[in-house]
Amino acid sequence: MLDHLIKGATVVDGTGAPSYTADVGIRDGRIAVVAPPGTVTEEAGTSEDAAGLVLAPGFVDPHTHYDAQLFWDPYATPSLNHGVTTVAGGNCGFTLAPLHPGRPADADYTRRMMSKVEGMSLVALEEGAPWSWSSFGEYLDALEGRIAVNAGFMVGHCALRRYVMGEDAVGGQPTPAQMDEMLALFHEAMEAGAWGLSTTQSATHSDGDGKPVASRHAGPAELLALSRAVAEHEGTQIEAIVAGCLDQFSDEEIELLVAMSAEAGRPLNWNVLTIDAAVPERVPRQLIPSERAREAGGRIVALTMPILTPMNMSLGTFCALNLIPGWGEILGLPVPERIAKLRDPGVRAEMLRRAESKEAGVFRRLAHFGRYVIGDTYSTANEGLTGRVVQDIAAERGQEPFACLIEICANDQLRTVLWPMPTDNDPASWALRAETWQHEDVLLGGSDAGAHLDRMCGAPYTTRFLGDCLRGRKLVGLEQAVKMLTDDPARLFGLRDRGRIEEGWHADLVLFDPERIDADKATLVHDLPGDSPRLDSRAIGINAVWVNGVETLREDVVTGAVPGTVLRSGRDTRTVSTK
């Protein structure tokens, strides 16, 4: 007997093949039958008519930071709402495990680091997770049986270093004995199911004390030793971030990434490839590592987002503006001093010069202050400004846009929420994206879901992309779009029997209305532990989501079921060799 029968759906199976109409039956967590409409004779406990609706494999998000959120939100919202059934976590070198059992303060250090570098609420981290583990395996066990999505995790280089080296992890180099201990700890994590290594060398990643995070102090020899360890375990990967990911790689970074992938004999993915027709040289430069890796026996995959994800800014709290060269020192001052500095015409002129310089790299995009939209305001002086564009306000007041923006923010004691309008929303940039997506080493993803919670909401990229493909720019056909969200990431990670609609495969499924599928605008909600805020986005046109054959969402409402699996390397992933 079937558990559930979905009748007459338009099946887009994830392989890129043409869609077809079929009845799909689920039994014991698997797809039991895919047959022409009306030909299934086996009885079903429940059934539904899906005529006119699309049935696709559940979407796979290759880059999330749900490591903590899953403890207080087992549904990984809003990703599940937008059809995501499998998430990859533990990215960018940051994980909550392992934690040294003899140093309780390490958990506090980790929470403050995650709050700073990944924009997670410190209160939510403190109150929402049990912090009951020491080893990486114990962390995975703490999630087992209590999540609604499937989740796999890399092990973070920063956690490995902190466990072995303590405070010396920031600024220090491991002794030979410490390196051996780090490798043993890493092997233990992968034996317990870690997907492999994640690490960062990015200049934007600092800990809660404002110091470069631990993995930024690692030299090539350490990184290559860890990469070689990855090669000894089945179904493993590498995820790496370097400074050049934001703009353009240096020659040294290219050599390092290629060597890491080749030494491991495993795919290495990085994020995020920013595609902008105004910087035509970026994409060719960023794909050089992929070309050289193939020659060296490795594979390097660039993640890129298929939508423009708005990210808000503030002069009052840490955000991307702090990462513009020379800005961090000013924006880190106490608020009264910060306002005084920002009101100084000479200081503003130097800030603008630095923001528009070549050294600012990808952050130059943030220097078009006339294109900012005013979000939430907090003073009577700013009443009526929400939703207005700074350049219009500046023209009315006879001010230069940056000076106008500063005065608006000063009225709110720098609490004003600012939304920069994208500079790369032009037809040429979208044409370049469509072309770049076809590259064999480019994969859609990079949502950062679970991180930067009050700044951005990348989780809805799946539904927004499909809506754009069906009713918007139509840069990609439906079958190819679904493949890019399902089978492509599943094959990169070597997921066993996931990513396609095929008899015998896991029943991770999403049913949606092709006439409606989309994402609503992001809104600020206060639903984290400690009443902390985050941006959320309602899914439109998603009828139902199944994880391992169990309905987890119906009409944008979670069912309360938690059928997700903690996906462990080897057991749930197979090796994707690059040799």
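For the reader, a short list of remarks on this structure follows.
- Above 17 Å, the calculated P(r) of the range 223-312 contains 48 percent of its Cα-Cα pairs.
- Kirkwood hydrodynamic radius of the range 366-446, from inverse mean 1/r over distinct Cα pairs, in Å: 14.5 Å
- Sequence of Glu222, Glu479 from largest to smallest accessible area, 1.4 Å probe: Glu479, Glu222
- Kirkwood analysis of the range 501-563, using all unique Cα-Cα pairs, places the hydrodynamic radius at 13.4 Å.
- Straight-distance crosslink candidates among aspartates and glutamates, where the alpha carbon sits under 18 Å from Lys521 and sequence neighbours closer than 8 are dropped: Asp376, Asp448, Asp454, Asp468, Asp536, Glu555, Asp556
- Normalised by residue count, the chain yields a Cα convex hull volume of 144 Å³ per residue.
- Taking each of Lys211/Lys358; Lys358/Lys483; Lys483/Lys579; Lys116/Lys474; Lys116/Lys341 in turn, the alpha-carbon distance tops 27 angstrom for Lys358/Lys483; Lys116/Lys474.
- Cα pair distances of the range 422-532 binned at 5 Å [whole percent]: 2, 9, 16, 20, 20, 16, 10, 6, 2, 0
- Unit charges on C-beta of K, R, D, E only; dipole of the range 186-339, Debye: 300 debye
- Over the range 277-414 - Rg/Rh using Cα atoms and the Kirkwood inverse-distance radius: 1.08
- Positive dipole terminus of the chain, leading residue within Ala142, Leu160, Tyr75 (C-beta point charges): Leu160
- Since only Val389, Gly16, Val117 are under comparison, the one whose Cα sits farthest along the positive direction of the charge dipole of the chain, derived from C-beta charges on Lys, Arg, Asp and Glu, is Val389.
- Around the Cα centre of the chain, unit charges on the Cβ atoms of Lys, Arg, Asp and Glu (plus for the first two, minus for the last two) sum to a dipole of about 1000 debye.
- Only protein heavy atoms count here; on that basis, with a 1.4 Å probe, Phe402 has an accessible area of about 0 Å².
- Tail weight of P(r) past 26 Å, computed on alpha-carbon pairs of the range 42-158, percent: 27 percent
- For the range 143-214, average projected area of the Cα convex hull in nm²: 6.0 nm²
- Loop-located trypsin sites (Lys or Arg not before Pro) in the range 483-573, at most 16 other Cβ atoms within 10 Å (DSSP): Arg496, Arg516, Lys521, Arg571
- Dipole of the chain [Lys/Arg +1, Asp/Glu -1 at C-beta], most positive-end residue of Gly235, Met421, Ser206: Met421
- Highest-first packing order for the peptide set 235-248, 192-205, 12-25 is 192-205, 235-248, 12-25, based on the mean count of other beta carbon atoms within 10 Å.
- Annotation: per residue accessible area for the range 255-412 equals 41 Å², rounded to a whole number [probe 1.4 Å, protein chains only].
- Label sites at Glu503 and Ala277, each approximated as a point 7 angstrom past Cα along Cα to Cβ, lie 4.8 nm apart.
The values are calculated or read from the model by the stated rules, or taken from the named source; none is laboratory data. This is a predicted model, so every value here is computed, not measured. As a convention, Cβ positions derive from the backbone with ideal geometry for all residues, glycine included, and neighbour counts pool all protein chains shown. These accessible areas exclude ligands, DNA and RNA; they are computed on the full protein's heavy atoms, side chains included. Shrake-Rupley method; radii C 1.70, N 1.55, O 1.52, S 1.80 Å.
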